[in-house]
Amino acid sequence: MSFHLPADLLDRPTPYYLYDLHLLKQTLHALQQAAQAHNVQVHYALKANANLPLLEHIQQAGFGADCVSGNEVQRALDAGFAPDHVVFAGVGKSDAEINRALAADIWCFNAESGQELAVLNELAGAQNRRARVALRVNPNVDAHTHHYITTGLEANKFGISLPDLPATIEQLASLPHLELVGLHAHIGSQITNLSVFEQLSRKINELQTWLEDQGYHLPHLNVGGGLGIDYDDPDTNPIPDFEAYFAAFDQHLHRRPGQQVHVELGRSVVAQCGTLISRVLYVKQSQQTNFAILDAGMTELIRPALYGSHHHMQNLTSEAERKLAYDVVGPICESSDTFGKGIQLPETKRGDLIALRSAGAYGEVMASEYNLREKAAAVYVG
């Protein structure tokens, strides 16, 4: 497949986020088939993109919701996700957020510390409820991804460290308003080396055997998410290999009879269906480089400035055969407001439309109003 902008959108004011609902539905179908074949429950991670039109399709496909804030919990409920398909994770849940989720009777809290367990027990007792919890452990597994999006090492803030786990298990006996239903681990994001999931599985196997020795037989295992996408060639690989992802756990994770395995996927579900469309404001030449200055910036897509990440870029309107190297930059008053350096594009002029691909995840959801920028519109096709 290849990317083409519908003719009726060529003159639309820019920048805007363009979402291909047809590709989203194809992705959901592929994910649905793979999940059913491997008997895995998928929770979509709302942090990737929380737009209601996307969430409604995801909910209708039968997936649950993975939330990391009280507002995400509410957004999931507003989008039609049943409370018993909602999971609440996050290292810093506030009392107000916990109370909101308790009142909604969501399925599970992924708890990240002994102190959080104590607070959750107190708040659940005040509502005369018993909260279901999974212990998020920090397995100290290197995801081999960008250090800003690695979450499973001892140096990271997430999860209960393995040396602290025995004390946490002992603490649970004194928390009558909690029910331990599972074990949870998440090691990072944009993971393309599936061998790290083998390492994660082996660590979970060890922990589960240890927990059984303590008398805990858990009905649920949550192995997190993190499956990466092809940012370099989104047209060749628009849908991730969900089958290989699930097969990695099938091969290495020792599932007990009747035990349900859960995953939390976000980027791999929505990233490729979203594109940021921007217009060239100016082409500026210096002695060192050519600058293509866009009307979109880090306020619309912060990933390159935040992570140094790469997004495939296309000039949608240039008819020039000659290609030149451009530093593609935005209008924000920060030198980090750069989408890429030395990008090969057809000779580019003022008014050309540029597509920044694979922007459906961590694009619009991370947008800001820095420099008092207006929020870019979302447009849906398909």
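Rounded to the nearest 500, what is the chain's calculated 222 nm mean residue ellipticity when only DSSP H runs of at least 4 contribute -39500 (n - 2.57) each, over all residues?
-8000 deg cm²/dmol
Which whole-number percent is the relative contact order of region 21-270 (Cα, under 8 Å, 6+ apart)?
21
Take the chain, connect every pair of alpha-carbon atoms lying under 10 Å apart with a spring to form a Gaussian network, then pick out the residue of Ile187, Ile106, Ile277 with the largest mean-square fluctuation.
In this elastic network of the chain, the residue with the biggest mean-square fluctuation among Ile187, Ile106, Ile277 is Ile106.
Based on DSSP loop calls and a cut-off of at most 16 other Cβ atoms within 10 Å, the longest stretch of the chain free of exposed GluC sites (Glu not before Pro) is what?
That would be 155-318.
Given points 7 Å out from each Cα along the Cα-Cβ axis, report the Ala103 to Leu10 separation in nanometres with one decimal.
5.2
Please name which of Leu265, Ala45, Ser94 has its Cα lying farthest along the dipole of region 21-270 towards the positive end, using unit charges on Cβ (Lys, Arg +1; Asp, Glu -1) and the Cα centre as origin.
Positive-most Cα among the choices belongs to Ser94.
Given the options Asp164, Asp95, Asp11, state which has the largest fluctuation in a GNM of the chain using a 10 Å cut-off (strictly under) for Cα springs.
Asp11
Could you list the chymotrypsin sites (Phe, Trp or Tyr not before Pro) in region 203-281 that lie in coil according to DSSP, counting only those with at most 16 other Cβ atoms within 10 Å of their Cβ?
Tyr216
Count neighbours as other Cβ atoms within 10 Å of each site's Cβ, and list the trypsin sites (Lys or Arg not before Pro) in region 153-224 that are DSSP loop with at most 12 such neighbours.
Passing both the DSSP loop test and the Cβ count: Lys157.
Just subtract the alpha-carbon distance of Leu306 and Tyr216 from 0.36 nm times their residue separation and send over the number in nm, one decimal.
Net length gain for the segment: 28.3 nm.
Give the cross-link partners of Lys93 among the lysines, using a straight C-alpha distance below 30 Å as the criterion and excluding same-chain residues fewer than 8 apart.
Those lysines meeting the cut-off are Lys47, Lys157, Lys203, Lys375.
Could you calculate the FRET efficiency of Glu321 with Asp250 from 1/(1 + (r/R0)^6), where r is the beta carbon distance between them and R0 is 45 Å, rounded to 0.05?
0.40
Restricting attention to region 328-382, which trypsin sites (Lys or Arg not before Pro) occupy a DSSP loop and are surrounded by at most 15 other Cβ atoms within 10 Å?
Lys349, Arg350, Lys375
For Asp235 and Glu56 in the same chain, what is the full-extension length gain: residue separation times 0.36 nm, less their Cα-Cα distance, in nm?
Full extension of this stretch gives 62.0 nm more.
Build a GNM of the chain with springs between Cα atoms under 10 Å: which of Ala131, Ala96, Ala248 gets the top mean-square fluctuation?
Judging by the Gaussian network model, the answer is Ala96.
Output the antiparallel fraction of DSSP beta bridges having both residues in region 21-270, as a percent to the nearest 5.
5
Based on alpha-carbon centroids, what's the gap between region 71-119 and region 2-40 in Å, whole number please?
Between the Cα centres of region 71-119 and region 2-40 lies a distance of 28 Å.
Rounded to the nearest 0.05, what FRET efficiency do Tyr380 and Asn140 give with R0 = 45 Å and r taken as the Cβ-Cβ distance? Could you check?
For Tyr380 and Asn140, the calculated efficiency is 0.60.
If I model a spin label at Gln285 and Ser335 as a point 7 Å from the Cα along the Cα→Cβ vector, what separation in nanometres do I get?
The answer from the label model is 2.5 nm.
Please find the FRET efficiency linking Val365 to Asp84, where r is the Cβ-Cβ separation and R0 is fixed at 25 Å, and quote it to the nearest 0.05.
It comes out at approximately 0.50.
Bear in mind that the values in this text are calculations on the coordinates, not laboratory data. All values reported here derive from a predicted model rather than from experimental measurement. Backbone-built Cβ (ideal geometry, glycine too); neighbour counts: all protein chains shown.
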